[in-house]
Amino acid sequence: MVRRWGVSKNEERHFSPLTCSRGSRRTLCIAAVPERPCVLESGRSCPGQAAAEVLLSAPTVEPSELKLLGFRLHPMTAEEVIAQIGAAVTDRRRLVMANLNVHGMAMMYESAGMARLLFQPDCQVMIDGMPVLFLANLLNRAGLGREKRTTSLDFYDDLFARGRANGWQFAYIGSRPEVLESGIEILRERFPDLKIEGRDGYFDFRDFTPGSRNMDIVDWLRDLSPDVVIVGMGMPRQEEWIEYVQHQIDARVFLPTGAYLDYQVGVQATPPRWLGRYGLEWAYRFMRSPYRLGFRYFIEPVILTWRILKHRPLANGQSLSKGTRGSEQTWLSL
């Protein structure tokens, strides 16, 4: 529960708290933003907006890094992720807020660009999968709670609300043209005055010749100078594109996000959020798309395990730490 600087319970009705879903549970985010300027019953001005500004300008501690089987992870709650993004926007510094699940680990053996990106010093890596969190607790004895598993579906609403309140400029790259158009319209309806523009993801992201669709998007982003660039083109394409263009664009935060707009528009069914807390979201997705996801959920983890056991290097040539062979530490380091 957030302390609201002495605001009484009767005065709380003047606030529109930012919330994030955890199934049926609703948790209050870091700041409460007033629906409109108002005077409280005590005669004081509503402090919600000031509270949000104070929290965004307050020093933000960078998350601790954990290495699981050599992969970098930065366990964070949804609120902590938003705080990191807000600090990067405020300080005008580069931040890549990536995510990693079992599929992502497997892709790092296939994609050199993704492997390089996720090992950058200015890249923080959220845990986007309960199997990864379970492994960290089992092998690293990390003691992570379920709230440290963070996905876009669980915190983007609060991110957009925070960005709208503080005037952030968002750019969205990805999805089919019709999905992008509908998704942007839905977000603008849900978050009036949200500053968001988009371009679809159907282009050759390796083509940097003048006049190419890719260069048109890069030039557009240079002119827009967004605070947050959300890239929804699927792993590893979205990470590879970010790795290619990150130093060509004056943007503060890059967010690879997968099929976020597809869920918003309804192209893909959104799994019940409580399933994610128990590591069962994959089963829901598999039942709806067994042919598309069968390899990812049943074959890919076997190949990944074999590569880890054989100490195979990642696609960029980087070797993962083998650690100490023992009952408590197996290829692990903290």
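Select from the stretch 134-145 the residues that are assigned to a helix (DSSP H, G or I), touching a Leu at 6+ places or on another chain (Cβ under 7 Å) and surrounded by fewer than 23 Cβ atoms within 10 Å (Cβ to Cβ) and list them in ascending order.
135, 137, 139, listed by residue number.
Is it the case that some residue within the stretch 268-275 is out of contact with any helix residue (DSSP H, G or I) (no Cβ under 9 Å at 6 or more places or on another chain) and either part of a helix (DSSP H, G or I) or modelled with pLDDT under 95 (or both)?
Scanning the stretch 268-275 turns up at least one residue that is out of contact with any helix residue (DSSP H, G or I) (no Cβ under 9 Å at 6 or more places or on another chain) and either part of a helix (DSSP H, G or I) or modelled with pLDDT under 95 (or both).
Report, by residue number, each residue of the stretch 141-166 that is of a type in the set (Gly, Ala, Ser) and over 19 Å from residue 254 (Cβ atoms).
Across the stretch 141-166, the qualifying residues are 142, 143, 145, 161, 165.
Could you please let me know if residue 234 is at positive phi and either free of Cβ contacts under 8 Å to residues at least 24 places away in the same chain or not assigned by TED's automatic domain parsing to the domain that holds residue 94 (or both)?
So residue 234 fails the test.
Looking at residue 170, is it in the same structural domain as residue 199 (by TED's automatic domain parsing), without any contact (Cβ under 8 Å) to a residue 40 or more places away in the chain and aromatic (Phe, Trp, Tyr)?
no
Among the residues that make up the stretch 324-331, is at least one of them at pLDDT below 80 and either charged (D, E, K, R) or under 25 Å from the mean Cα position of the chain (by Cα) (or both)?
Yes, the stretch 324-331 contains at least one residue that is at pLDDT below 80 and either charged (D, E, K, R) or under 25 Å from the mean Cα position of the chain (by Cα) (or both).
Condition first: in the same structural domain as residue 259 (by TED's automatic domain parsing), surrounded by fewer than 18 Cβ atoms within 10 Å (Cβ to Cβ) and closer than 15 Å to residue 249 by Cβ. Can you find one or more residues in the stretch 180-193 that meet it?
no
Does residue 128 fit the bill of being charged (D, E, K, R), assigned by TED's automatic domain parsing to the domain that holds residue 243 and in contact with a helix residue (DSSP H, G or I) (Cβ under 8 Å, 6 or more places away or on another chain)?
So residue 128 fits the description; yes.
Name the strands (runs of 3 or more DSSP E) wholly within the stretch 161-239 that hold at least 2 residues that are of a type in the set (Val, Ile, Thr) and touching a Leu at 6+ places or on another chain (Cβ under 8 Å)?
Of the strands (runs of 3 or more DSSP E) lying wholly inside the stretch 161-239, those with at least 2 residues that are of a type in the set (Val, Ile, Thr) and touching a Leu at 6+ places or on another chain (Cβ under 8 Å) span 228-232.
Are there any pairs with C-beta distances below 8 angstrom linking a residue in the stretch 108-126 that is more than 20 Å from residue 296 (Cα to Cα) and part of a loop (DSSP other than H, G, I, E, B) to a residue that is of a type in the set (Val, Ile, Thr) and at pLDDT 95 or above, with the two at least 6 apart or on different chains, and if so which?
Listed pairs, sorted by first residue: 120/96; 122/96.
The values are calculated or read from the model by the stated rules, or taken from the named source; none is laboratory data. Computed from a predicted structure; not experimentally measured. Note that each Cβ is placed from the backbone with ideal geometry, even for glycine, and that neighbours are counted across all protein chains shown.
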